[in-house]
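**Student:** Could you have a look at this structure, given as structure tokens, before my questions?
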Amino acid sequence: MSEAALTVRAQVALFARGDLLCVRHRKAGREYLVLPGGHLDPGETLWEAAVREVREETGLDVEAGRLWALSEFHDDRRHVVDCTFYGTGWGGRPRLGTDPEGARHPATLVGIEWLDREAFADAPFRPTLLARWMRAYWESPDVPAAYLGVESG
């Protein structure tokens, strides 16, 4: 078994009027949606990274939230642990920000959008394991935090 590089990510699910905020990325000519979030910087907590990443990518200031889901992805090259928070309070107006992690991975941030449940069902959302779980527990802050398992590539 080869040693895959471990990455820990923190992201936030923000809902407004039943719609979910997603950021659109472009990589190798393909576009996909993710929750605003990204890698931890040295010395950051998961929550601090989530708040910073949402601010960088969307301009919103997340003030409160709780752990909602934990999932993993791995293949021969990488092992990614995604910690998803459910945002319960934030301020500001969404605007397309920047993705300073672009130097670490070849994806480009190209848009932000609010998706309703119907649009999300057909959206190219990543990771797919989290997408399946989110469809089942759409806008349900009272659902206990869950470990979703591992998705292999």
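None of the figures in this text is laboratory data; all of them are computed from the coordinates on show. All figures in this text were calculated on a predicted structure; none of them were measured in a lab. Methodologically, a virtual Cβ is constructed for each residue, glycine included, from the backbone with ideal geometry; neighbour enumeration extends over all protein chains shown.
**Student:** What does the highest-first list of 36-44, 24-32 look like by mean Cβ count within 10 Å? Intermediate values should be presented prior to the final figure.
**Tutor:** Details: 36-44: 16.3, 24-32: 12.8.
My ranking of the peptides, most packed first, is 36-44, 24-32.
**Student:** For a quick check: with amide H placed at 1.01 Å from N, whose amide H comes under 5 Å from residue 139's, ignoring anything fewer than 5 positions away on the same chain?
**Tutor:** For residue 139, whose amide H was placed from the backbone, there are no distant partners under 5 Å.
**Student:** Where nothing but the Cβ of Lys and Arg (+1) and of Asp and Glu (-1) is charged, how large is the charge dipole of the chain around its Cα centre, in debye to the nearest 20?
**Tutor:** The calculated dipole for the chain is roughly 280 debye.
**Student:** Of the beta bridges DSSP finds with both residues in the chain, what % are antiparallel, to the nearest 5?
**Tutor:** Within the chain, antiparallel bridges account for around 65 percent of the total.
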